[in-house]
Structure formats: C-alpha cells, structure tokens
Amino acid sequence: MGAVPGGAGIAITGGKYFGIFFGGSPAAEICGTLLILVVGGAVNYAGAKTSGKIQQGLSFILVALLILVAAVALTFGDTSAGEGRLLWRKPVRRCPTVALVFFAYVGWELMSFMSEEFK
C-alpha cells in the first residue's frame, strides 16, 4: 500500500541526489525528480517483461557496486575502526542511522514494477 505514494517520495529523494551531484541547484533537483518519474512511467508502460529485465539489470548493478564498495573499504579503510565495544547507552541516537541504512536498500525497486501490477 505504501508503494504508490512512496514512489513520489523516492523520486523526490532521487531528485535531491541529482541536484547535489550538479551543485545543489533547485532546478537540477526538479529535473532529476521529473526524470525519475518519466523514466519510471515509461518502464511501467513498456510492460512487466521489460520492467522485469530492467529490474534484474539494476539488481546486478547494485550487487556489483556493493561488492566494489566493500572491497575498497577493506583495502583502503581505517584498520582501527570497529575495535572496542558497542555502547548500548542512548540507543535512540542511533535510530536515524538505522533508518537511513534501511532506506538505502529498499524503495528504489518499487518504481519499476508496481504500476504494472495495478493495471
């Protein structure tokens, strides 16, 4: 149920990333948001098979990027990070971080197939 209105939020977030990439321009944010909505709409209009193939390709790219980031972090990262113990005091302060990590792995794929399902 949250996928339909969530698509607009996802497009706006992606538009903000697009705007930051191009210097923080509000015009670039709007263009990025509209671009995501137009491309997502075109993919959905193309049908479930096309949408599925694109989704599969994007999934492969995501996994490759995650492997690349992990390899770079293990190779060039701070080797002293992670030592010690986790302090469980003030767990509420960690909630925004957990939400951000959760959002990083869910949501973007919803735009590529949900509209076809609602036809």
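Tabulated data
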{"item": "Restricting region 13-34 to residues that are open to solvent by less than 90 Å² (accessible area, probe 1.4 Å) and of a type in the set (A, V, I, L, M), the residue that is nearest to the chain's Cα centre (by Cα)", "result": "Ala28"}
{"item": "Every pair of residues 6+ apart whose Cβ atoms lie under 6 Å, when the first sits in region 1-30 and is modelled with pLDDT of 75 or more while the second is open to solvent by 90 Å² or more (accessible area, probe 1.4 Å) and assigned to a loop (DSSP other than H, G, I, E, B)", "result": "Ala28/Phe22"}
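The values are calculated or read from the model by the stated rules, or taken from the named source; none is laboratory data. Quantities reported herein were computed from a predicted structural model and do not represent experimental measurements. Methodologically, a virtual Cβ is constructed for each residue, glycine included, from the backbone with ideal geometry; neighbour enumeration extends over all protein chains shown. Accessible surface is based on the protein model in full, side chains and every heavy atom, while ligands, DNA and RNA are left aside. Shrake-Rupley method; radii C 1.70, N 1.55, O 1.52, S 1.80 Å.
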